[in-house]
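Coordinate-derived values only; no laboratory data. This is a predicted model, so every value here is computed, not measured. Please note: Cβ atoms are built from the backbone with ideal geometry, for glycine as well, and neighbour counts cover all protein chains shown.
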Amino acid sequence: MGALGDRTMVVEFEGTLLKAADPFPYFMLLAIESDSLGLVRFALLLLVWPVLKLLDQMGRAGLGLRVMVYVAVAGVKEAEVEAVARAVLPKFFMDEVDVAAWRAFRSDGRKLVVVTRWPRVMVEWFAKEHLYVDAVVGREIEVNRFGFASGLIEEEEAAEVLEKWAAVFGGKPVESVRSCISLPSPNLTDLGEPNRPRPVIFHDGRLVFRPTPLASLLILLWFPLGFALAVLRIAFGLLVPFRWMRFVAPLLGSKLIVRGRPPPPPIAATSGVLFVCTHRTLMDPVILSAVLGRRVPAVTYSISRLTELLSPIPTVRLTRDRTVDGSRISAALAHGDLAVCPEGTTCREPFLLRFSALFAELTDRIQPVAMNHRVGVFHATTARGWKAMDPVYFFMNPRPVYEVTFLGQLPAEATCCAGGRSACDVANHVQRMLAAALGFECTNFTRRDKYHVLAGNDGDA
């Protein structure tokens, strides 16, 4: 690596760029998301929290850090630790970033090096991808020859590591964060780089909020109760007729908010309506059926056979072959209504991914439906975990909420066959309609982009 310039700014991550300096919640996330024993590690780390607090009061925070690292990652594959740092931690880091401090440290164009007392792997992806940092200096987690973390970290202090980096930079002066606190407010219009951190659009993990000690205790206490409640809710969903679900859901703590006028069932002599929905969770078409009071088949891709077998509605499996998929969708519409999510995957943040235009080529009876949901404890989507558990986690929330907004059938002049518009124009128009209804932002991101970030693959498995 060449020299980074005449001067290099060195900034501490925790407590400076990151407002929250307490590492405990982030190690709790690392523990619960790293492997199949995550909940056990989560409980053990919470159990030793009083010891960690005592060590901190005694001035032995470094020893406490080593304990947290050991409990969180000992025996975990190195690749899994990296995956959690890439897919789970950035969302929680971004919520705690001091944007004003970050802007000040980037204001004069100097290269920015972030130093952290935490393991480098936890911070590096976020700092480089979202804060535009040039390098990250931190401790390394020891890994054995089989690729598993030992749970031990290097004893080297950050100051010693920085001396080595200064040598790598060609002996150029390195300015610490403490001499920069009084920098004048930067002129953001002169910045060559973006003046805000890159937003976190895709993230994974089951926990909605940062697991502080108290929050973690509440999660552990709620987990068995929530699981029992989820089983009860799912059982009712499988046994109760769809026309009653809207009335049964509030009795079990769920809430359905419906806006707009749902269309009537299809007439035998006509083709069905294609419900074009935003994709927030695996539950979208099931909730749509509950609102309509009838079983509406849903187009699916890349879900397990077990999920299909347990589904309370019929499914139409796609292959990603346009000819085959077009035939299957057309055949399903000939028999009645059909639900499709053209994004091809879920997104948790207020963004809509790029819509596939295939649906617009197949019918002019298009009904856009804006779907959204709110949860308080557990996310109901995953890219790295077992997708069959998505409905369970959704119903484990104390009061899950789903919002369904019917925007009305597209007028004939806005469709392909009757209106002469291209399929891409129709798909983009529907995407903008749904985004406006939800207050979301349209993007060109795709399923492949999401899985590349969260799982390191194309999402075609």
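A quarter of the convex hull surface defined by the alpha-carbon atoms of region 18-74 gives 3.8 nm² as the mean projection.
Of Lys450, Lys111, the sequence from fewest to most neighbouring Cβ atoms within 10 angstrom is Lys111, Lys450. Grab every C-alpha pair in region 1-123, bin the distances at 10 angstrom width from 0 up to the longest one, and report whole percents. Reading the bins upward from 0: 12, 38, 32, 15, 3.
Over the chain, the fraction of Cα-Cα pairs per 10 Å bin, rounded to whole percents and listed from the shortest bin up, is 4, 18, 25, 22, 16, 10, 4, 0, 0. Directionally averaged projected area (region 322-393, Cα convex hull): 6.5 nm². Measuring against 23 Å, Cα to Cα, the residue pairs Lys111/Lys450; Lys387/Lys450; Lys77/Lys111; Lys19/Lys77; Lys91/Lys255 contain Lys111/Lys450; Lys77/Lys111; Lys19/Lys77; Lys91/Lys255 as the ones spanning a longer distance.
The length gained by stretching the chain between Phe247 and Leu217 to full extension, at 0.36 nm per residue less their Cα-Cα distance, is 7.5 nm. For Ala79 and Cys417, a Förster radius of 51 Å and the Cβ-Cβ distance give a FRET efficiency of 0.55, rounded to the nearest 0.05.
Just so you know, the Cα atoms of region 343-447 work out to an Rg and Dmax of 15.7, 48 Å. Using C-alpha pairs below 8 Å separated by at least 6 residues, the relative contact order for the chain is 16 percent. Principal-axis analysis of the Cα atoms of the chain puts helix 322-335 at an angle of about 50° to the longest axis. Local charge sum around Ser34 (other residues, Cβ-Cβ under 14 Å, Lys/Arg +1, Asp/Glu -1)? Surrounding charge for Ser34 is -1. Reducing region 104-150 and region 336-378 to their Cα centroids gives an inter-centroid distance of 37 Å. Under the criterion of Cα pairs below 8 Å and six or more residues apart, the relative contact order for region 290-383 equals 23 percent. Derived from the Cα gyration tensor, the three semi-axes of the equivalent ellipsoid of region 223-326 are 26, 20, 12 Å, largest first.
Quick one: Cα centre-to-centre distance for region 395-446 and region 1-79, in angstrom? Region 395-446 and region 1-79 have Cα centres separated by 42 Å.
List the pair-distance distribution P(r) of region 412-461, using every Cα-Cα distance, as the percent of pairs falling in each 5 Å bin from 0 up to the bin containing the longest distance, rounded to whole percents. The distribution over region 412-461 is 5, 19, 16, 14, 17, 17, 7, 5, 1, given as percents. Taking amide H as placed 1.01 Å from N in the peptide plane, Val11 has its amide H under 5 Å from the amide H of Val113, Val114, Val115, each at least 5 places away in sequence or on another chain. Between Asn195 and Val40, the modelled label-to-label distance comes to 5.2 nm, taking each label 7 Å out from Cα in the direction of the beta carbon.
Applying 1/(1 + (r/R0)^6) with R0 = 25 Å to the Cβ-Cβ distance of Leu47 and Ser150 gives a FRET efficiency near 0.75. Diffusion coefficient of region 222-454 by Stokes-Einstein, Kirkwood radius over Cα pairs, 4 °C, 1.567 mPa s: 72 µm²/s. Full extension of the segment from Ser302 to Glu129, taken as 0.36 nm per residue of separation minus the current Cα-Cα distance, would add 59.4 nm. Amide hydrogen proximity for Phe148: with H placed 1.01 Å from N in the peptide plane, the residues at 5 or more positions away or on another chain lying under 5 Å are Glu78. With the simple model of a label 7 Å out from the Cα in the direction of the Cβ, Glu142 to Asn444 spans 4.9 nm.
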